[in-house]
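Here the structure comes first, spelled out in structure tokens, and everything after it is commentary.
The values are calculated or read from the model by the stated rules, or taken from the named source; none is laboratory data. Every value quoted in this text rests on a predicted model; they were computed, and no experiment measured them. We place every Cβ from the backbone using ideal geometry, glycine too, and count neighbours over all the protein chains shown. These accessible areas exclude ligands, DNA and RNA; they are computed on the full protein's heavy atoms, side chains included. Shrake-Rupley method; radii C 1.70, N 1.55, O 1.52, S 1.80 Å.
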Protein chains: 2
Amino acid sequence: MNPKALHKISYGLYAIAARKGDKINGQIANTVFQITSKPPTLAVSINKGNYTHEFIKESWSYVVNVLDRDTGMIFIGRFGFKCGRDIEKFDGIKHRLSALGNPILEENSTAYLEVRVDEEVDMGTHTIFIGEVVDADIINDSEPMTYAYYHMVKKGRAPKAAPTYIEE
Amino acid sequence: MNPKALHKISYGLYAIAARKGDKINGQIANTVFQITSKPPTLAVSINKGNYTHEFIKESWSYVVNVLDRDTGMIFIGRFGFKCGRDIEKFDGIKHRLSALGNPILEENSTAYLEVRVDEEVDMGTHTIFIGEVVDADIINDSEPMTYAYYHMVKKGRAPKAAPTYIEE
């Protein structure tokens, strides 16, 4: 088996954000996908060790912020390689709160989709959070960042907790 | 809610193939994603009305054939818009059978991943088939087809049974 074949699967790049009490947090994820069209449902795979996992478990909802292709590496590093246990990720980042209290990015984002979680699937190291899209809008006409673009053009990498991490 | 925000989610394009007894069949899907890295697990969302759904339910495994970017529309139409109840989809198409008997494309494909299904999640119109990658290889260095490329450059569309279908 050649695990590099997994690199041929295409993804976007997203900041998944949620609320826990009066705290908000977010993290980078690439493994977001639509399950059904009627009703529109989405799924995301989140590492159980990630701080955002706790937040989604509590708010039972999350926002998928679709990063635009020009998002800088400092922004991605803040959300993808730092932990919300150590820093307030949304400090100084333009955002607003959804009706459910989850943060919607107002910078570096081309669209958002808010999901009310109906089901979680325990996958060992990760949980798949599945639910109906309850709010969504396009923010601007920017191209979404793809995972391929992030790797090739931005020279980005996957953190160890990512579903798509491969040991080199 | 603006359902067009769903179009900002990025995907690849795949021919999902499986076996039922001595018959083989395949269909186009875009909603494939990795769930965990250790062990490597994949998920795909398949419409319950699709013929391939029956095949995966029987073989409890499937191959994700990663289409390359130059795959022609005739090929995609054959696998995506025709039904295996009416035609033998693999007739005249270069392929071989995996150890589990699932078809691996030997044309228009840049990589394949075979999944042994461990879990299914009933999502109303669709089933998510989740399982461990038991075989995988890169076939060539071609770029994978992305769903965005299929829509923009190839002028492709989504069939009604697709998770990402949006009524215009």
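Calculated FRET efficiency, residue A:132 and residue B:160, Cβ-Cβ r, R0 22 Å, to nearest 0.05?
It comes to 0.65.
Quote the accessible area belonging to residue B:24 in square angstrom, nearest 10, computed with a 1.4 Å probe and with ligands, DNA and RNA left uncounted.
Surface open to solvent at residue B:24 totals about 30 Å².
Could you state the number of Å between the C-alpha centres of the range A:1-60 and the range B:1-50?
The range B:1-50 and the range A:1-60 have Cα centres separated by 17 Å.
Checking a compactness column here: for the protein assembly as shown, what do you get for Rg(Cα) / (2.2 N^0.38 Å), N being the number of residues?
In units of the globular-protein estimate, the protein assembly as shown measures up at 0.94.
In debye, nearest 20, what is the charge dipole magnitude of the range B:123-168 about its Cα centre with +1 on Lys and Arg Cβ and -1 on Asp and Glu Cβ, if you could check?
Result for the range B:123-168 is approximately 380 debye, rounded to the nearest 20.
If I ignore ligands, DNA and RNA and count only protein heavy atoms, how much of residue B:127 is accessible to a 1.4 Å probe, in Å² to the nearest 10?
My reading of the accessible area for residue B:127 is about 10 Å².
Please go through the range A:47-104 and write out the GluC sites (Glu not before Pro) that DSSP classes as loop and that have at most 13 other C-beta atoms within 10 Å. Spell out each step's value before the answer.
Numbers: sites: A:54, A:58, A:88; in loops: A:88.
Here the sparse-neighbourhood loop sites are A:88.
Which one of A:151, A:126, A:53 has the biggest mean-square fluctuation once chain A is modelled by GNM with Cα springs under 10 Å?
Answer for the Gaussian network model of chain A: A:151.
Taking the solvent-accessible surface of protein heavy atoms with a 1.4 Å probe, what is the per residue accessible area of the protein assembly as shown in Å²?
Details: 14010 Å² over 336 residues.
Result: 42 Å² of accessible area for each residue.
Just to be sure I understand: if you take the accessible area of chain B alone plus chain A alone and subtract the pair, with a 1.4 Å probe, what total do you get in Å², rounded to 100?
Buried area between the two chains comes out at roughly 4300 Å².
Cα atoms only: what Rg and Dmax, in Å, come out for the range B:1-77?
14.1, 46
For residue B:128, what is the net charge nearby, where nearby means another residue's Cβ is under 12 Å from its Cβ and Lys, Arg count +1, Asp, Glu -1?
For residues surrounding residue B:128, the net value is -4.
Trypsin sites (Lys or Arg not before Pro), restricted to the range A:90-168: which are DSSP loop and have at most 11 other Cβ atoms within 10 Å?
Details: sites: A:94, A:96, A:116, A:154, A:155, A:157, A:160; in loops: A:94, A:154, A:155, A:157, A:160.
For trypsin sites (Lys or Arg not before Pro) across the range A:90-168 that sit outside H, G, I, E and B with at most 11 neighbouring Cβ atoms in 10 Å, the list reads A:94, A:155, A:160.
Can you list the residues of the range B:1-24 with backbone N under 15 Å from a point 7 Å past the Cα of residue B:149, pointing along Cα to Cβ?
Flagged as within label range: B:10-15.
Could you give the C-alpha radius of gyration of chain A expressed as a fraction of 2.2 N^0.38 Å, taking N as the number of residues it contains?
0.97
In percent, what relative contact order does chain A have, based on Cα pairs under 8 Å that are 6 or more apart in sequence?
Relative CO of chain A lands at 28 percent.
Suppose only helical runs count, i.e. DSSP H with n ≥ 4. What mean residue ellipticity at 222 nm does that imply for chain B under -39500 (n - 2.57) per run, divided by all residues and rounded to the nearest 500 deg cm²/dmol? Spell out each step's value before the answer.
Working: 3 runs with 23 residues, N = 168.
Mean residue ellipticity, 222 nm, calculated: -3500 deg cm²/dmol.
Please compute, over every Cα-Cα pair in the range A:109-168, the percentage with a separation greater than 18 angstrom. Don't skip to the end; give the middle numbers.
Details: 1046 of 1770 pairs.
Cα-Cα pairs of the range A:109-168 separated by over 18 Å account for 59 percent.
At 7 Å along the Cα-to-beta-carbon direction for both residue A:119 and residue A:88, put a label point, then send me their distance in nm to one decimal.
3.8
With the crude spin-label approximation of a point 7 Å out along Cα→Cβ, what separation in nm comes out for residue B:48 versus residue A:2?
It is 3.9 nm.
Using unit Cβ charges (K, R positive; D, E negative) and no other charged atoms, how large, in debye to the nearest 20, is the dipole of chain A about its Cα centre?
Result for chain A is approximately 540 debye, rounded to the nearest 20.
Could you order B:149, B:62 so the one with the most accessible surface comes first? Probe is 1.4 Å.
B:149, B:62
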